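Participant: First the structure, then my questions, so here it is.
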Amino acid sequence: MEAAIALTIGIVFGSGVWLVLRPRTFQVITGLLLMSYAVNLFIFVMGRLWIDQPPLTLAPGTPDPMLHADPLSQALVLTAIVIGFATTALYLVMMIGARGLTGTDHVDAEEDDDE
Amino acid sequence: MSALAWQQHLLMLPIVVPLLVGALLIPVNEKHHFGKYAASLLSTLLLFACALLLFRWTDSEHWPGGIGVYLAANWSAPYGIALMADRLAALMLLLTAVLALAVLVFAASRWSRIGVHFHSLFQFLLMGLNGAFLTNDLFNLFVFFEVMLAASYGLVLHGYNVERIRAGMQYITVNLVASFLFLIGVALIYASAGTLNISDLGARVAALGADELRLLKIGVGILALAFLTKSAMWPLGFWLPTTYAAASPPVAAMLVLMTKVGVYALLRVWLQVFPGGNGPRADFGFTALFYGGLLTVLFGGVGMLASQAPGRIAGYGAIVSSGTLLAVIGYGQPALIAAGLFYLLGSTVAMAALMLLIEFIDRIRTPGASLLAVTMEAFAIDEKPEEPVGVGIPGTLAFLGLAFAACAMVITGLPPLSGFIAKFSLFHALLNPETGAAGPNAWMLMTLIIAAGLAGTISLMRFGVRTFWAAGAVVPPRLQISEVAPVAALLLLCVGLTVMAGPVTDYLQRVSDSLHQPGRYIERVLGEPIVPNPPEGARP
């Protein structure tokens, strides 16, 4: 399972990097989205991989940590998702603004001469 | 007495006040710009008072060891989020408040009115900055970085034009990617050490096995990449000059401070997690920081020489100052840190003043002036300007010229202002190491600092001569008191730093001393008691 997860994150992140380096703003924002998915997954699995284990318990007494998934990385990933979502939305607004103001969706806000 | 003393809550104020004020200002219509300005100013004044109090308390025995700890939501240290104020944090809070006051007053008459929500964004920026200085938790640091960055995205775009959009697009993309690196670094640190509290991390690193330590180092290295992008180390800092030149002057002045946040975070994390000494974790990454800093100084110096536009010159100046600080940290000598902090104070204030001055200078120069200057250079036109015989320099121009010269002196480190004292004490520390003689690294650093100073002098002098002496018919710009006063105040602060160099250096030495005792932080932060629950019967 570790190898599958690692490969998945790697492929998603790699695709994101490739897209971020492309010249169109839509490609860049797609790339940023993919990278943020990969990073969120990465944070999530940094709390180790667990199957069928709850992160929290209502049972009285001291719980056995071996029977529970790491709740902290889940809390972290929630925060990271929210923040990533907000900044992506902000980028989207700016992208639309740039498109309206400059008439092009190139990241430099002007077309290359040879295109 | 089970409740927390009110002084303890003061640690929370620099974050809560701007958050509330910024949020409350959002629904207020822009028509009431004076009311918005007043609220924003009031909040910033409160932050200033707060920073002053923290500054005094951290430098006395008000708190044991001068370290104040606030446990958010009353969770004890490694489990909850701890805020921590020490001398360095208080100093940075004070610097933030002073710069914010100057920028806010400056922006009142013009810039804050050309777009919407300037004051809200400004308050959120202050919240992010203050939070980043106060937090003692890596993930919380990320959150405050994002708050600060999100506000700065809005501010960079303030006064929407094509140039700002173009610069903003690059700025946002670079910083979003840097934030991803930040998260990856934080996740790796958590995976290896099992904690994100910086002091707890410092305590646990010593006990880590070889495998975990390797993972931790990778994590901290990736984290450092994010900090270094903020502080514009070569080759991560190409976004900076374009952004600075495009942003409106008050925003650019605040951006100057934001580059220092990266340096601050590096100092904070490194000195607690890798506190030197012997063993496998000694001085990790210092070499990379040192050479990276040197290359940054070189890049900034060359950039200054090559730039014509004032905004770009100032941007490259900021890169030089970042590079110098990084190299100073990377040099790894505790004695250098105090001198480096002095340099940080002086160069930040002067650079912010220069950013504000550029606004006035742009009013002198007609829109075509900078283009003309380039053409003049390219075609070597030796055009003789009209001789202003017998005409006294108008008052505003005299002020502008003097202020520009003062900024240039601090930034390039020429005597007699604070830049010179900062460089002098840096060189003094480099030439008199604790053991032995100055090594080749010290000489290399000194050579580059001097060379960058020379490049800065040439570049700024060229710009000054062209603007003030050779610009032909100069129409003195109309300036308002509320715009001139902040610039003058910042410059007076530079003069004050020079006059009070003795006490300031003593203070910075204490800052550096406490930074180099990570054990004290561990003891204070992890030992902070929680407020006990009131007994059952006492509850209402």
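The values are calculated or read from the model by the stated rules, or taken from the named source; none is laboratory data. Values in this document were obtained by computation on a predicted structure and should not be read as measured data. Methodologically, a virtual Cβ is constructed for each residue, glycine included, from the backbone with ideal geometry; neighbour enumeration extends over all protein chains shown. Just so you know, the surface numbers come from the protein's heavy atoms only, side chains and all, with ligands and any DNA or RNA stripped out. Shrake-Rupley method; radii C 1.70, N 1.55, O 1.52, S 1.80 Å.
Participant: Using a probe of 1.4 angstrom, how much of the accessible area of the protein assembly as shown is carbon and sulfur, in percent? Let's see the in-between values first.
Facilitator: On the way: 19130 of 27810 Å².
Accessible surface attributable to carbon and sulfur in the protein assembly as shown totals 69 percent.
Participant: Under a 1.4 Å probe, what is the accessible area of the protein assembly as shown per residue, stated in Å²?
Facilitator: Details: 27810 Å² over 655 residues.
Per residue, the protein assembly as shown has an accessible area of 42 Å².
Participant: Name the residue from B:54, B:88, B:100 whose Cα lies farthest towards the positive end of the charge dipole of the stretch B:7-136, charges +1 on Cβ of Lys and Arg and -1 on Cβ of Asp and Glu.
Facilitator: B:100
Participant: For helix A:2-20, report the angle its Cα long axis makes with the longest principal axis of the Cα atoms of chain A; keep it between 0 and 90° and round to the nearest 10°.
Facilitator: 20 degrees
Participant: Which whole-number percent gives the relative contact order of the stretch B:7-136, counting Cα pairs below 8 Å spaced six or more residues apart? Could the numbers behind the result be given before it?
Facilitator: Values: 160 pairs, mean separation 50.1, N = 130.
This gives 39 percent for the stretch B:7-136.
Participant: If the only charges are +1 at each Lys and Arg Cβ and -1 at each Asp and Glu Cβ, what is the size of the charge dipole of the protein assembly as shown around the Cα centre, to the nearest 20 debye? Provide the component values of the computation, followed by the final result.
Facilitator: On the way: 31 positive and 37 negative charges, 183 e Å.
In total the dipole reaches around 880 debye.
Participant: At a probe radius of 1.4 Å, figure out the A/B buried accessible area, summed over both chains, and give it in Å² to the nearest 100.
Facilitator: On the way: alone 8350 and 22140 Å², together 27810 Å².
Between A and B, the summed buried area is about 2700 Å².
Participant: Treating only the Cβ atoms of Lys and Arg (+1) and Asp and Glu (-1) as charged, compute the dipole magnitude of chain A about its Cα centre; round to the nearest 20 debye.
Facilitator: Numbers: 4 positive and 12 negative charges, 111 e Å.
About 540 debye.
Participant: Further, regarding this structure: Can you tell me the order of B:184-194, B:328-338, B:46-56 when each peptide is scored by its average per-residue count of other Cβ atoms within 10 angstrom, highest first? Working shown, then result.
Facilitator: Numbers: B:184-194: 23.2, B:328-338: 21.3, B:46-56: 19.0.
Ranked by mean Cβ neighbours within 10 Å, highest first: B:184-194, B:328-338, B:46-56.
Participant: Across the stretch B:111-245, how large is the tail of the calculated P(r) beyond 21 Å, expressed as a percent of all Cα pairs?
Facilitator: In whole percent, the long-distance tail amounts to 48.
Participant: While we're here: Using only the Cα atoms of the stretch A:54-115, what semi-axes does the equivalent ellipsoid have when each is the square root of 5 times a gyration tensor eigenvalue? Give whole Å, largest first. Let's see the in-between values first.
Facilitator: On the way: eigenvalues 480, 27, 6 Å².
Each semi-axis is √(5λ); the values are 49, 12, 5 Å.
Participant: Oh, and also: Any idea how many Lys pairs in chain B come in under 25 angstrom at the alpha carbon, given 8 or more places apart or on separate chains? Display every interim value, and only then the final one.
Facilitator: Details: B:217/B:230; B:217/B:260; B:230/B:260; B:230/B:423; B:260/B:423.
So the count of such lysine pairs works out to 5.
Participant: Looking only at other chains, what is the average number of their beta-carbon atoms within 10 angstrom of each beta-carbon in A:37-49?
Facilitator: On the way: counts 0, 2, 7, 3, 0, 6, 8, 1, 2, 10, 4, 1, 0.
Mean partner-chain Cβ count within 10 Å for A:37-49: 3.
Participant: Once you have all Cα-Cα distances for the protein assembly as shown, histogram them in 10 Å bins from zero and send the whole-percent values.
Facilitator: 3, 15, 26, 27, 18, 8, 2, 1, 0, 0
Participant: Further question on the same structure: Which values, in whole Å and largest first, are the semi-axes of the equivalent ellipsoid of chain B obtained as the square root of 5 times each eigenvalue of the Cα gyration tensor?
Facilitator: Details: eigenvalues 305, 158, 87 Å².
Working from the Cα gyration tensor, I get semi-axes of 39, 28, 21 Å.
Participant: Could you order the peptides B:525-532, B:132-139 from most to least packed, using the average number of other C-beta atoms within 10 Å per residue?
Facilitator: Numbers: B:525-532: 14.4, B:132-139: 25.9.
Put in order of decreasing packing, that is B:132-139, B:525-532.
Participant: Under the definition of Cα pairs under 8 Å and six or more residues apart, what whole-number percent is the relative contact order of chain B?
Facilitator: Details: 809 pairs, mean separation 89.6, N = 540.
Taking the mean separation of contacting Cα pairs over the length of chain B, I get 17 percent.
Participant: Counting partner chain Cβ atoms within 10 Å of every residue's Cβ in B:165-173, what's the average? List each step's numbers first, then the result.
Facilitator: Numbers: counts 9, 8, 1, 5, 12, 3, 0, 7, 9.
Counting other chains' Cβ atoms within 10 Å and averaging over B:165-173 gives 6.
Participant: For the Cα atoms of chain B, what angle does the longest principal axis make with the long axis of helix B:118-134, in degrees from 0 to 90, nearest 10?
Facilitator: The two axes meet at around 50 degrees.
Participant: Taking a temperature of 20 °C and a viscosity of 1.002 mPa s, what whole-number D in µm²/s does Stokes-Einstein yield for the stretch B:7-136 with Rh from Kirkwood over alpha carbon pairs? Intermediate values should be presented prior to the final figure.
Facilitator: Details: Rh = 15.2 Å.
Value of D from the Cα-based Kirkwood radius: 141 µm²/s.
Participant: Please sort B:110-120, A:31-41 by packing, taking for each peptide the average over its residues of neighbouring beta carbons within 10 angstrom, highest first. The partial results should precede the final answer.
Facilitator: Numbers: B:110-120: 19.5, A:31-41: 21.5.
Put in order of decreasing packing, that is A:31-41, B:110-120.
Participant: Partner chain Cβ atoms within 10 Å, averaged over the residues of B:179-192 - can you pull that number for me?
Facilitator: On the way: counts 8, 13, 2, 2, 13, 7, 0, 4, 12, 3, 1, 7, 8, 1.
Average neighbour count from other chains, rounded to a whole number: 6.
Participant: Here's something else I'd like to know. Considering just Cα atoms, how many Å³ per residue does the convex hull of chain A enclose?
Facilitator: Values: hull volume 11.6 nm³, N = 115.
Dividing the Cα hull volume of chain A by its residues yields 101 Å³.
Participant: How do B:169, A:46 stack up against each other in accessible area, from largest to smallest, with a 1.4 angstrom probe?
Facilitator: On the way: B:169 5, A:46 35 Å².
If we order B:169, A:46 from most to least accessible, we get A:46, B:169.
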